[in-house]
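The values are calculated or read from the model by the stated rules, or taken from the named source; none is laboratory data. Source: prediction; values computed, not measured. Cβ placement follows ideal geometry from the backbone for every residue including glycine, while neighbour counts extend to all protein chains displayed.
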């Protein structure tokens, strides 16, 4: 039996439907898995008209229909008024549908009905408008639904991986979060997940927080008081961890092959490096949950939604990465 991967459409007013039809109409190594799209079939059909892509979709009512579907099965897990849709605009209705598509996928993964989830983007403002005030993004929804006490973001692109100590925190809050216990927990999580997904112990380079690594305390003491002690403790526990290294050079060293992953200390420190290096191929994975979840690494792109301008490469990469993680062959 092939593993089943659910692809959630994300916000109906964004580019999710467009990149799904472009990906499924193109060539790809998707014979390795049975795909299930969770979203609006009307949105997908509209995207086919806009793009000229042709995909055979078949509506199903439940998981029993996946095995017998002649085309790509579509599960409409949320009531959504397609006639009221305004592409490229924030709306509570679209935010609600996006969350419900994702919640359905998570419930199916927790029940063992699917083996992984690949997500298209949701819009944080729309999610908030729909009343999900504690759910900033996919990762917060995952933590809430799975009960996972510790999760973390891993960004992947060709030639570079970046794990994050924190993501959706203000910069001031992120700096306060740089403490030895948190560092140790997420270094252990990163080492364990990458070992499971790749079959080998990863070489982890920890980025410094302050310019030039703090210059011996002149530009900040976090490296001395928190980061270096956490690195030493992690190494004593058998992890291949080193640093802290100045953030202006550590990513270059990782790209050159010296490290398997850079451990970044806040959102932009890691995201900027990934997106400057190779944005179009970049994807996101969530560590610390009981199933595989990957995602495109871009947003809903409301400015180009419905205009046949979205690049679908990230979704194809996210599907490939999900299969590699399931097989323990992530490069």
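On inspection, residue 97 does not qualify as in contact (Cβ under 8 Å) with a residue 24 or more places away in the chain and more than 20 Å from the chain's Cα centre (by Cα).
The conditions of being assigned to a helix (DSSP H, G or I), buried (at least 18 other Cβ atoms within 10 Å of the Cβ) and out of contact with any strand residue (DSSP E or B) (no Cβ under 8 Å at 6 or more places or on another chain) are not met by residue 13. Screening 25, 13, 111, 78 for residues that are over 20 Å from residue 322 (Cβ atoms) and free of Cβ contacts under 8 Å to residues at least 60 places away in the same chain leaves exactly one candidate, 78.
Let's see how each residue does on (1) buried (at least 17 other Cβ atoms within 10 Å of the Cβ); (2) at pLDDT 95 or above; (3) in contact with a strand residue (DSSP E or B) (Cβ under 7 Å, 6 or more places away or on another chain); (4) more than 22 Å from residue 283 (Cα to Cα):
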residue	(1), (2), (3), (4)
37	yes, yes, yes, no
40	yes, yes, no, yes
49	no, yes, no, yes
58	no, no, yes, yes
64	no, no, no, yes
92	no, yes, no, yes
97	yes, yes, no, yes
116	yes, yes, yes, no
122	yes, yes, no, no
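With respect to the numbered conditions (1) surrounded by 15 or more Cβ atoms within 10 Å (Cβ to Cβ); (2) over 30 Å from residue 322 (Cα atoms); (3) touching a residue at least 24 places away in the same chain (Cβ under 8 Å); (4) touching a helix residue (DSSP H, G or I) at 6+ places or on another chain (Cβ under 6 Å), which one is the sole condition not fulfilled by residue 219? For residue 219, the exception is condition (3).
Scan region 181-206 for residues that are in contact with a helix residue (DSSP H, G or I) (Cβ under 6 Å, 6 or more places away or on another chain) and surrounded by fewer than 17 Cβ atoms within 10 Å (Cβ to Cβ) and the total you get is 1. Scanning region 116-142 for residues that are in contact (Cβ under 8 Å) with a residue 40 or more places away in the chain and farther than 19 Å from residue 61 by Cα yields a total of 12. Elements of the type helices (runs of 4 or more DSSP H) sitting completely within region 233-331 and holding at least 1 residues that are within 16 Å of the chain's Cα centre (by Cα), modelled with pLDDT under 95 and surrounded by 15 or more Cβ atoms within 10 Å (Cβ to Cβ): these cover 267-278, 313-327.
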